[in-house]
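A quick write-up on the structure given underneath.
Derivation of every value follows stated rules applied to the coordinates shown; laboratory data play no part. Remember, it's a predicted structure, so these values are computed and weren't measured experimentally. Because the Cβ atoms are built from the backbone with ideal geometry, glycine has one as well, and the counts that use them run over all protein chains shown.
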Amino acid sequence: MMNLDGAVAECVEAAEKMFRNGAEGCVHSVYRSVINLQLPGRLMALHPSEATKTPLSITLRGTLPKAVRGMPVRFTPRWLEIEDTIIFAGERQVWNPKLAGRLTRDTMDGIARAIERNLFAFMDKEGSDSGVLTAAFQKRIAAMEKAAGWREVLEQVPSLIGLGQGLTPSGDDFLVGMLWACRLTAAPFDELSNRVRELAGGTNDLSREFLLRSCEGEFGEKLHRLAREGNEAAVKSVAETGHSSGRDTLRGILMALRVAVNMEESL
């Protein structure tokens, strides 16, 4: 048995409930420096403190224990147990990933311009879109951009679920971006989130969890920073997430911001 004393530094509110009430599950998957935990009704992500927080985060001080898929996991009020390793929770902080507030029109315009500049910059630097815009993905986005109204935009949502490769496919990342922007503007967040919930079973486990968290208004710290600061640096930080996830998310944000502006102008 290996003990890690006081290793849990921070966790999201959902993970705090797991500690407080107790929960059992297993290791879902291990990816680089992240251990994904399958628990009743949802996934959580165990990662070191230098990693960016997400709506699934349990942050540890120091290095993670070795883990493989299927290992049993158990939460208690005092520790997290992964097979033969006990990770004592200590004086952990609790982070609320819910996003609130509204973007001003000036902030919306500034974010949209920064997104456009950064997406073009990445394409110019790399000589191509490097897989960000596959032919199928580009076709769906083009259909959304040509839509006459919100109803036509929603009709494209089923074709985006699970579209693309990777832990979080491009179509799902795009929808996370749309949900972020709708959450903070006059665009109909509830209508989009209800539609995504209905369809989220069409993608992989991890990406589905991120979609469902977004439907609850929960987003990672980079998107919190973008909402709070709305500047070029915050946009670049999102753009640099993953191989293409950040840029796919920004495309979704840009799409929904355009919808929100059109709605404001039609009032």
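Brief remarks follow.
- Among the residues of the stretch 162-187, just one is in contact with an Asp or Glu (Cβ under 7 Å, 6 or more places away or on another chain) and aliphatic (A, V, I, L, M), namely 186.
- When 217, 171, 177 are screened for being on the phi > 0 side of the Ramachandran plot and crowded, with 16+ Cβ neighbours inside 10 Å, only 217 passes.
- Residue match in the stretch 25-40 (condition: out of contact with any helix residue (DSSP H, G or I) (no Cβ under 6 Å at 6 or more places or on another chain), over 27 Å from residue 166 (Cα atoms) and part of a strand (DSSP E or B)): no
- Scanning the stretch 19-63 for residues that are under 13 Å from residue 95 (Cβ atoms) and in contact with a His (Cβ under 8 Å, 6 or more places away or on another chain) yields a count of 3.
- Of everything in the stretch 67-107 that is in a helix (DSSP H, G or I) and not basic (Lys, Arg), the residue that is farthest from the chain's Cα centre (by Cα) is 106.
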